[in-house]
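**Student:** Before anything else, here's the structure in question.
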Amino acid sequence: MTTKVFGHKAPDTDSTGSPIIWAWYLNEIKGESATPVLLGEPNTEAAFMLDRWGLDKPEIIDDVAEGAPVVIVDTNNPAELPASINSADIRAIIDHHKLVGGLETKGPIDITVRPLACTATIMHDLIGADMARMPEAVKGAALTCILSDTLEFRSPTTTAHDKAVAEKLADELGLDIASYAAEMFAAKSDVSAFSDAELLRMDSKEYEVEGTRFRVSVLETTAPGIVLNRKASLIEAMDLVASEDGVDQVLLFVVDILNEQATLLVPNDLVKTVAEKSFGVSVDGDAVVLPGIMSRKKQIIPNLKV
């Protein structure tokens, strides 16, 4: 039976590339039948990665069958996984996020969770000497994942090891990191084709804080004005998205990659309170700039208060 390898819903670059990396490893190195799949449409940067390296877009699935073998990457949160995940046969988890709890397995499994910025970095280490056999396209995906998750080493999640692995891969591929990252971020910043609801869900995760359920959305861009020019309609769409997704509030952080800051949209008093309690700012109006805030995992989620 073929093992499906997948990351979280609303797949970003790491949750698109890491399934491709690990499926290659299982197929070509371990001799096990595996295929990468996605739990939604890849974002614009992930789509750029697939096109740039000539990789097929993995099949998009809605759920998993009972007893189906799966490997979960880039998450361990059941809220970000198929509804039937606990009836599947989870074979392994490879992740770099905090443990959430709630997953059930059929027996003992391999779990690797390391404090690195990117799942692809962990996979590089697990694959070890067999990285020499990895085709350029898959190496290109690995490099793209690391540069994406680290925001070209600007994110506070970046470790010296993530940077060293990225530089090694770039050297092997003959790429200049700054030039390639600029191409990636330009693709990520092109959101003109997406509706407001799609933007709010594009790179988002659900979290509960003191009994309040949030969809925490992050849009990383080198052109924040493109998103902020749509501020009024994005705020209007927040209630609809929250209602459809069964959460109390959508939080949208527009991360300015180059200026290393985030703008939080403030549609109501709840978000005003969240902003002031969580980030120590004074809010006057429907948006607030948060200097130095770049990472949902390290700076946003751990600080959220209501």
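Each value in this text was obtained by applying a stated rule to the coordinates, not by laboratory testing. What you see is a predicted model; the values in this text were computed from it and never measured. So basically every Cβ, Gly included, is an ideal-geometry build from the backbone, and we count neighbours across all protein chains shown.
**Student:** Once the Cα gyration tensor of the range 196-303 is diagonalised, what are the square roots of 5 times its eigenvalues, in whole Å and ordered largest first, as equivalent ellipsoid semi-axes? Intermediate results must be reported in sequence, preceding the final value.
**Tutor:** Values: eigenvalues 66, 53, 37 Å².
That gives 18, 16, 14 Å for the three semi-axes.
**Student:** Going by how many other Cβ atoms sit within 10 Å of their own, how do ARG201, ARG114, ARG296, ARG230 line up, fewest first?
**Tutor:** Ordered from fewest to most neighbouring Cβ atoms within 10 Å, ARG201, ARG114, ARG296, ARG230 come out as ARG114, ARG230, ARG201, ARG296.
**Student:** Still on this structure: Using 7 Å Cα-to-Cβ label points, what is the GLU183/LEU228 separation (nm, one decimal)?
**Tutor:** 2.9
**Student:** Modelling each spin label as a point 7 Å along the Cα-to-Cβ direction, I'd like the ASP171/ASP284 distance in nm, to one decimal.
**Tutor:** 5.2
**Student:** Show me the ranking of peptides 91-101, 73-83 by mean Cβ neighbours inside 10 Å, starting with the highest.
**Tutor:** 73-83, 91-101
**Student:** Please compute the modelled spin-label separation between GLU206 and GLU66, points set 7 Å along Cα→Cβ, answer in nm with one decimal.
**Tutor:** Result: 2.3 nm between the two label points.
**Student:** For the chain, what does -39500 (n - 2.57) per DSSP helix run (n ≥ 4), summed and divided by total residues, give at 222 nm, in deg cm²/dmol to the nearest 500?
**Tutor:** -11000 deg cm²/dmol
**Student:** Hey, how many Å between the Cα centroid of the range 200-248 and the Cα centroid of the range 267-295?
**Tutor:** That distance is 14 Å.
**Student:** Moving on. If r is the Cβ-Cβ distance from ALA79 to ASP130 and R0 is 41 Å, what FRET efficiency results, to the nearest 0.05? Walk me through the numbers before you get to the answer.
**Tutor:** Details: r = 33 Å, r/R0 = 0.82.
Here the calculated transfer efficiency is 0.75.
**Student:** Return SER195, SER278 ranked ascending by Cβ neighbour count within 10 Å, so the fewest neighbours appear first. Walk me through the numbers before you get to the answer.
**Tutor:** Values: SER195 11, SER278 21.
So the ranking, lowest neighbour count to highest, is SER195, SER278.
**Student:** Show me the ranking of peptides 235-242, 142-149, 119-126 by mean Cβ neighbours inside 10 Å, starting with the highest.
**Tutor:** Numbers: 235-242: 17.4, 142-149: 28.6, 119-126: 24.4.
Most protected by this proxy first, the peptides run 142-149, 119-126, 235-242.
**Student:** Let me ask something else. Would you kindly state how much longer the chain becomes between GLU59 and VAL100 on full extension, computed as 0.36 nm times their sequence separation minus their alpha carbon distance, in nm to one decimal?
**Tutor:** Going from the current span to full extension adds 12.1 nm.
**Student:** What does the charge dipole of the chain about its Cα centre add up to, to the nearest 20 debye, if the Cβ of each Lys and Arg holds +1 and the Cβ of each Asp and Glu holds -1?
**Tutor:** Dipole of the chain, to the nearest 20 debye: 580 debye.
**Student:** Of ALA242, ALA142, VAL64, which is farthest along the charge dipole of the chain in the positive direction, counting Lys and Arg as +1 and Asp and Glu as -1 at C-beta?
**Tutor:** Among ALA242, ALA142, VAL64, the one farthest towards the positive end of the dipole of the chain is ALA142.
**Student:** Out of (1) 27, 40, 29, 3; (2) 34, 61, 5, 0; (3) 34, 58, 8, which label holds the value of P(r) over Cα pairs in 20 Å bins from 0, in percent that was computed here?
**Tutor:** Answer by label: (3).
**Student:** Turning to a different aspect of this structure: Say the dipole of the chain comes from +1 at the beta carbon of Lys and Arg and -1 at that of Asp and Glu; which of ILE293, PHE48, LEU175 then lies farthest toward its positive end?
**Tutor:** Final value for the positive-end residue is ILE293.
**Student:** If each residue of separation counts as 0.36 nm, what is the full-extension length gain between SER33 and SER87 once their alpha-carbon separation is subtracted?
**Tutor:** 17.4 nm
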